[in-house]
Amino acid sequence: MKVLSVFNQKGGVGKTTTTINLGAAFALMMSHEVGANEDPGRVLIIDLDQQTHSEITLSGGFFGQRRQTGLGPYDNIAGLLMMDTALPVTDIIRTSEIPHGARRNMDFIPSSKEKMPNVDTALKNDPIDGLFRLRGILETIEPFYQYVVIDNPPGLSYLSINSLVGSTHVVIPCNFWESYPPCVTFASRSRMNSSNLFTHNIIIAFCPPLAGVQTSATLIAKVWIFSVLSRPADRIS
Ligand SMILES: Nc1ncnc2c1ncn2[C@@H]1O[C@H](COP(=O)(O)OP(=O)(O)OP(=O)(O)O)[C@@H](O)[C@H]1O
Ligand SMILES: [Mg+2]
């Protein structure tokens, strides 16, 4: 199971957009790679952001009728991380409404506007496994998923470290000039807590409005994104 953390401490750089599109690309790729009667495998998106933007999109919102998850206030990633839900993770996972054209093989774990703000303190107060809670959750679902993509909130927190410690890869969507160096520094430090996290990809989502620079940077970004998405599953690095 490959776990990709889409991470940047800066807000509004395309983390959620990248998460959803990467997940959808994996789900479609897997759907089209197998025969009609074969199981294509599954993708899971984890929404770690209290803004719940990934969850809204995956549950059919924004441009459509949002489907209610039918879950209680703690039956989400916040409740799982704080160990405040009675449900196992497999009962909290929901199937996404998108992408169309896939074989309904993309799932998600919802977030919570109300409960996510308490998570960081709860993790910090647990000196034993506070850094490893997400990794523990991921280990329980390993048999069911080929890819997990994690939408991180902006900022640096215990939650971000949990995410990076639980991941095998980190993808950094960024404004090329502003946020690449600090993100790589943070990701490298988190790597000290995780022998799993061995590499990173950078998606240049936003480029500065400088004529010549923008044209070439946008071109590089498109080539880069294409190469990330089109690599065979076992060669993403
Ligand atoms: N590659 C891109 N080029 C231009 N605009 C983009 C790109 N990716 C995302 N956007 C737009 O930028 C805005 C912010 O994107 P998004 O919500 O994905 O960022 P974010 O990093 O998740 O934000 P936050 O830190 O608040 O969670 C949205 O309006 C989105 O449509
Ligand atoms: Mg976001």
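What follows is calculated from the coordinates using simple rules that are stated; it is not laboratory data. As the structure is a prediction and not an experimental result, all values here were calculated from the model. Counting neighbours? That spans all protein chains shown, and the Cβs are built from the backbone with ideal geometry, glycine included.
Around Pro40, what is the net charge, scoring Lys/Arg as +1 and Asp/Glu as -1 over all other residues with Cβ under 9 Å from its Cβ?
Spelling it out: positives minus negatives among the neighbours equals -1.
How about segment 1-83: which chymotrypsin sites (Phe, Trp or Tyr not before Pro) there lie in a loop by DSSP and see at most 13 other Cβ atoms within 10 Å?
Numbers: sites: Phe7, Phe26, Phe62, Phe63, Tyr74; in loops: Phe7, Phe62, Phe63, Tyr74.
Listed in order of number, the matching sites are Phe62, Phe63.
Report ³J(HN,Hα) in whole Hz for each residue of segment 153-168, in order, from the Karplus equation J = 6.51 cos²θ - 1.76 cosθ + 1.60 where θ = phi - 60°; Gly and Pro get x.
Couplings: x, x, x, 10, 7, 4, 4, 4, 5, 3, 5, 5, 5, x, 9, 9 Hz.
Calculate, axis by axis, the spread of Cα positions in segment 1-158 along the three principal axes, and write the results as whole Å, longest axis first.
Extents along the principal axes, in whole Å: 49, 32, 30.
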